[in-house]
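Undergrad: Let me give you the structure first, and then I'll get to my questions.
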Amino acid sequence: MPMPIIGRDGIELNKRWSPHPETYLALAVDGFPNFFSILGPNSGIGTGSLLAIMEAQVMYVARAIGKMQRERIRSMEPKLEAVRAFDAYLEVRLLLLAD
C-alpha cells in the first residue's frame, strides 16, 4: 500500500499481507477493524465487468455498517479462521480453473 494502514496491536497491512494478501470476501482483513476495501485482493475477474463485483461489495459493506448502527456495534472485523477458510477456498477454486 502506498500509505501505512495500521491495525490492532500496531501491525501494518503490508506486513499482514506478507508473503501474500489474505482477505475475507476480498474486502475485509482480520486485525483491521472497520476497514473495508472495494476491489481488494482476489476480487478481480479475467473477463467481464468489474461493476457487478463492486456493487456486491458496496452492498455488503453498507449492510455491515447498517448492522453496526442498528445494534450499536463499535467495530467489526472477520475472524482469522474465516480469512484462512476463504483463502483456502480460493486456492482450490483457482487450481480447479487452471486444470
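The values are calculated or read from the model by the stated rules, or taken from the named source; none is laboratory data. As the structure is a prediction and not an experimental result, all values here were calculated from the model. Cβ: placed from backbone, ideal geometry, glycine included. Neighbour counts: every protein chain shown. Each accessible area value is taken on the protein alone, full model and side chains, heavy atoms only, with ligands, DNA and RNA left out. Shrake-Rupley method; radii C 1.70, N 1.55, O 1.52, S 1.80 Å.
Undergrad: With axes computed from alpha carbons, what is the tilt in degrees of helix 80-98 against the longest principal axis of the chain, rounded to the nearest 10 within 0 to 90?
TA: That helix lies at roughly 20 degrees to the long axis.
Undergrad: Which one of Tyr89, Tyr60, Tyr24 has the biggest mean-square fluctuation once the chain is modelled by GNM with Cα springs under 10 Å?
TA: Looking only at Tyr89, Tyr60, Tyr24, the biggest GNM fluctuation is shown by Tyr89.
Undergrad: Over all pairs of distinct alpha carbons, what does the Kirkwood formula give as the hydrodynamic radius of segment 1-54, in Å? Each step should come with its number before you reach the end.
TA: Details: mean 1/r = 0.0828 Å⁻¹.
Kirkwood radius, segment 1-54: 12.1 Å.
Undergrad: For the chain, report the accessible area per residue in Å² (1.4 Å probe, heavy atoms, rounded to an integer). Can you show the working numbers first?
TA: Details: 6990 Å² over 99 residues.
Normalised by residue count, the accessible surface of the chain is 71 Å².
Undergrad: Summing +1 for each Lys or Arg and -1 for each Asp or Glu, what net charge is found among the other residues whose Cβ lies under 14 Å from the Cβ of Ile73? Can you show the working numbers first?
TA: Numbers: positive: Arg63, Lys67, Arg70, Arg72, Arg74; negative: Glu71, Glu77.
Combined, the nearby Lys, Arg, Asp and Glu give +3.
Undergrad: Okay, next question. Taking the Cα atoms of the chain, what is the range of coordinates along each of the three principal axes, in descending order and whole Å?
TA: Cα spread of the chain along its principal axes, largest to smallest: 46, 29, 27 Å.
Undergrad: Using only Cα atoms, find the angle between the long axis of helix 51-71 and the longest principal axis of the chain, and express it within 0 to 90 degrees, rounded to the nearest 10.
TA: Computed tilt is about 20 degrees.
Undergrad: Can you pull out the trypsin sites (Lys or Arg not before Pro) in segment 11-99 whose DSSP state is coil and whose Cβ has at most 16 other Cβ atoms within 10 Å? List each step's numbers first, then the result.
TA: Details: sites: Lys15, Arg16, Arg63, Lys67, Arg70, Arg72, Arg74, Lys79, Arg84, Arg93; in loops: Arg72, Arg74, Lys79.
Within segment 11-99, the qualifying trypsin sites (Lys or Arg not before Pro) (loop, at most 16 other Cβ atoms within 10 Å) are Arg72, Arg74, Lys79.
Undergrad: Let me ask something additional. Give me the percent of accessible area attributable to carbon and sulfur for segment 37-80, probe 1.4 angstrom.
TA: Numbers: 1920 of 3300 Å².
The C+S portion of the solvent-accessible surface of segment 37-80 is 58 percent.
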